[in-house]
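Shown next, in structure tokens, is the structure this report addresses.
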Amino acid sequence: MTDRAGPTPAEPTPAELMTIAGSRLLRDGRVVFAGVGAPLEASVLAKRLHAPSLTIVLEGGSIGPRMLPGRLPVSTNEMRAAHGAFMLTSINDLFLYGQRGCYDYGFIGAGQLDQYGNVNTSYIGDPDAPKVRLPGSGGANDIVSSCREVMIMTRHEPRRFVERVDFITSPGYLSGPESRRRAGLVRNRPVSVITDLALLGFDEETGRLRLDALQPGVSESDVHDNTGFELLVSETVAELAAPTEQELAELRWLRDGSTTTSSTTREVTSAP
Amino acid sequence: MTTAADKRMTLAEAAALVKDGDTVVAGGCCYSRTPWAMLLELLRAQRRELTLARNLMCYESELFLATGAADKLISSWVGIGLRWGIPKVFREYVERDPSIYEEWSHLSFGMRFLAASMGMPFLPTASLLGSDLLGRTPAQEMRCPFTGELLVAVPALVPDVALIHVHTVDAAGNAQIEGPVYMDVEYARAAKTVIVTAEEVVPHEAIVRRADRTQIPGFVVDAVVEVPFGSYPHECHGRYEADFAHFDAYTEQVIADGEAGVHAYLAEWVEQAGSFAGLLDKVGASTLLEQRRRALDLVAA
């Protein structure tokens, strides 16, 4: 331990690693339909750092909101989620732009997901005699059925990464690309899963999840140990760059809104 | 639907328009612009065997189940918000008997009301395809008669009653909403009976001056009730923010005591408070003003 004046940037938490990795995937000039929580934080971070023309849309009818640091929404429909929006519309209208094909990214969280990217947020156990009732789809099913590129962000734990989900709330590749086509899911595709351990993609032939890159300091065996199914591995597994001080400071400022973390970010947001 | 010029009445009179066994849809979304005063009034009136529908449900879900006011819920998501998770008693009820809960995706739920609001028996959508939600709802796969594309047909849902909380309304029911409208316009057009509660009842001319902001015409409205802070402890866009401390206290009580915690909450906030005005008195002016101040931070000047 060394004594230093002023706060030193703490090591990134697993949640921060995940959120920052997710934010880097969002390209400028696109439209992202983000779920509340980590996907929204990643989207706001991307917009503030490298994608100023990213348009964020939120389920409650909010198009283009700018979040107030320290007051990120706790639910997708509330006033905080509408702050700074350039359009507030009805929920059906907001989703129907998605069905029309206007949204580049659909960005959701997941309670439980399987090797084909099928997501369960409904029931753990038999849906007719469930062990646990979860909150449900909300807009997730609609997002994965229509938004062009579907991205899923979740903590990497064996209980979340299961061989087969108990219930498909939001379909991924079902049991492979052909089953997805047969089900009528022809408008879009699942693209990536971002976790605190790794970045996963989908194998085009089989529709199965594939390890593409590791979070800094994470080994391949860490990932396999925390995955409840046989994960495909890319020929070349990259290592993701560690979060920069700028990314960390900005993310923490968004979360807590305190001025102690804002000194670097002010410059960032005013840069061309 | 009625064209009477003055539909103003009390919460109790409006509650009499809801019959046991009715399908009731509540407006707003999760903890935003919830017709909370009207929902509590239905509990006070001891309505029974209702089917309660709402796009995203907050903890009114378990208030209605635990009292027996509702025996079935229709929604796409039930939770209080990230910080509080899923209402515990709701969870216990559905884990005991999943048939009391009909689950949709957000858009497919909304399109049921959109269909009804258009006077159509169904609408097609690309949602629900390939999911396990499809087989557990009355929705059906269909082929487009023109392109052959595989789609899902969702049946119209015509509720007996819609409960909507708005910002301003005139005595005839012409209603204006600020901020997101959620699904309230579809609900109001779809329902057989529409009860509008409002932060303010204003003169007809005040509505006329901003006619472009009228979302619900009076001819679909049956009852108008003025209830300032009528969504509290939930939020009303630009008027007051949700009272998260109230949610904290509620969830602590229910996590500790389960269903008994729900009944204790209702004893305190419905029975002992005596009326919604009594509830607001109990909350106190300083809390209400603080929630108002917090809301003003969030809306454009």
message: Can you pull out the trypsin sites (Lys or Arg not before Pro) in region B:80-184 whose DSSP state is coil and whose Cβ has at most 14 other Cβ atoms within 10 Å?
response: B:Arg83
- request: Write out the chymotrypsin sites (Phe, Trp or Tyr not before Pro) in region A:56-97 meeting two conditions: DSSP loop, and at most 14 other Cβ atoms within 10 Å of their Cβ.
  value: A:Phe86
query: In nanometres, what is the gap between the two model label sites at B:Asp71 and B:Arg48, each 7 Å from Cα along Cα-to-Cβ?
result: 0.9
query: Let a ≥ b ≥ c be the square roots of the eigenvalues of the Cα gyration tensor of region B:142-294; is it rounded (a/c under 1.5), or, if not, prolate (a/b larger than b/c) or oblate?
result: oblate
statement: Taking Rh as the Kirkwood radius computed over alpha-carbon pairs of region B:1-82 and applying Stokes-Einstein at 20 °C with viscosity 1.002 mPa s, one gets a diffusion coefficient in µm² s⁻¹ of 162
Prolate/oblate/rounded call for region A:7-62, Cα gyration tensor, a/c under 1.5 rounded: prolate
field: Cα centroid separation, region B:241-301 to region B:63-122 (Å)
entry: 22
query: Hey, what does the equivalent ellipsoid look like for region B:173-238, semi-axes from the Cα gyration tensor as sqrt of 5 times each eigenvalue, largest first, whole Å?
result: 17, 15, 13
Most mobile listed residue (B:Leu11, B:Leu63, B:Leu129) in chain B, GNM with C-alpha springs under 10 Å: B:Leu129
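Between A:Ser53 and B:Leu296, what FRET efficiency comes out of the Förster formula 1/(1 + (r/R0)^6) with R0 = 25 Å and r the beta carbon distance, rounded to 0.05?
Values: r = 29 Å, r/R0 = 1.17.
In this case the efficiency is close to 0.30.
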message: Can you give me the orientation-averaged projected area of the convex hull built on the Cα atoms of the protein assembly as shown, in nm²?
response: 27.5
- prompt: Over chain B, what is the relative contact order in whole percent, taking alpha-carbon pairs under 8 Å and six or more residues apart?
  reply: 21
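How much net charge surrounds B:Glu178 when only the other residues with a Cβ under 9 Å from the Cβ of B:Glu178 are counted, with Lys and Arg +1 and Asp and Glu -1?
Working: positive: B:Arg213, B:Arg239; negative: none.
The answer is +2.
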field: Computed P(r) (all Cα pairs; chain B; 10 Å bins; percent)
entry: 6, 27, 35, 23, 7, 1, 0
- prompt: Projected area of region A:196-263, taken from the Cα convex hull and averaged over every viewing direction, in nm²?
  reply: 6.1
message: Over region A:95-169, what portion of Cα pair distances is larger than 16 Å, expressed as a whole percent?
response: 49
message: Around B:Gly230, under 12 Å between beta carbons, what's the net of Lys plus Arg minus Asp minus Glu among the other residues?
response: -3
query: What is the log10 of I(q)/I(0) for region B:96-176, computed with the Debye formula using one identical point scatterer on each Cα and no solvent, at q = 0.12, 0.16 Å⁻¹?
result: -0.47, -0.71
query: What are the radius of gyration and Dmax of region B:130-182, computed over its Cα atoms and given in Å?
result: 18.2, 49
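Whole number please: convex hull volume per residue, Cα atoms of region B:123-216, in Å³. List each step's numbers first, then the result.
On the way: hull volume 13.1 nm³, N = 94.
It comes to 139 Å³ per residue, whole-number rounded.
Under Stokes-Einstein, with the Kirkwood radius over Cα pairs standing in for Rh, what whole-number D in µm²/s applies to chain A at 4 °C and 1.567 mPa s? Each step should come with its number before you reach the end.
Working: Rh = 19.2 Å.
Translational D for this selection: 67 µm²/s.
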message: Taking 37 °C and 0.692 mPa s as the conditions, I'd like the Stokes-Einstein D for region A:41-166 in µm²/s, using the Kirkwood hydrodynamic radius from alpha carbon pairs.
response: 207
query: Between B:Phe219 and A:Val132, what FRET efficiency comes out of the Förster formula 1/(1 + (r/R0)^6) with R0 = 45 Å and r the beta carbon distance, rounded to 0.05?
result: 0.45
query: Taking only pairs that are 8 or more places apart or on different chains, how many Lys pairs in the protein assembly as shown have Cα atoms under 28 angstrom apart?
result: 10
- prompt: Amide H to amide H, which residues 5 or more places from A:Val233 or on other chains are under 5 Å from it, using H placed in the peptide plane?
  reply: A:Leu211
task: Grab the beta carbon distance between A:Asp222 and A:Arg164, set R0 = 25 Å, and tell me the FRET efficiency rounded to 0.05.
output: 0.60
- request: Determine the percent antiparallel among the DSSP beta bridges restricted to region A:14-264, to the nearest 5.
  value: 45
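Sequence gap at least 6, Cα distance under 8 Å: using those rules, report the relative contact order of chain A to the nearest whole percent.
Working: 583 pairs, mean separation 50.7, N = 272.
After rounding, I find 19 percent.
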task: Net charge near B:Leu134: determine it from the other residues with C-beta under 12 Å of the C-beta of B:Leu134, scoring Lys and Arg +1 and Asp and Glu -1.
output: -2
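Using only alpha carbon pairs under 8 Å that are at least six residues apart, calculate the relative contact order of region B:110-240 and give it in whole percent. Each step should come with its number before you reach the end.
Working: 263 pairs, mean separation 32.5, N = 131.
25 percent.
Any idea what the alpha-carbon Rg over 2.2 N^0.38 Å comes to for region A:11-97? Walk me through the numbers before you get to the answer.
Working: Rg = 12.4 Å, N = 87, 2.2 N^0.38 = 12.0 Å.
That works out to 1.03 for region A:11-97.
Just so you know, all these numbers are worked out from the coordinates, no wet-lab data involved. Fair warning: this is a prediction, and the values are worked out from it, not measured in the lab. We place every Cβ from the backbone using ideal geometry, glycine too, and count neighbours over all the protein chains shown.
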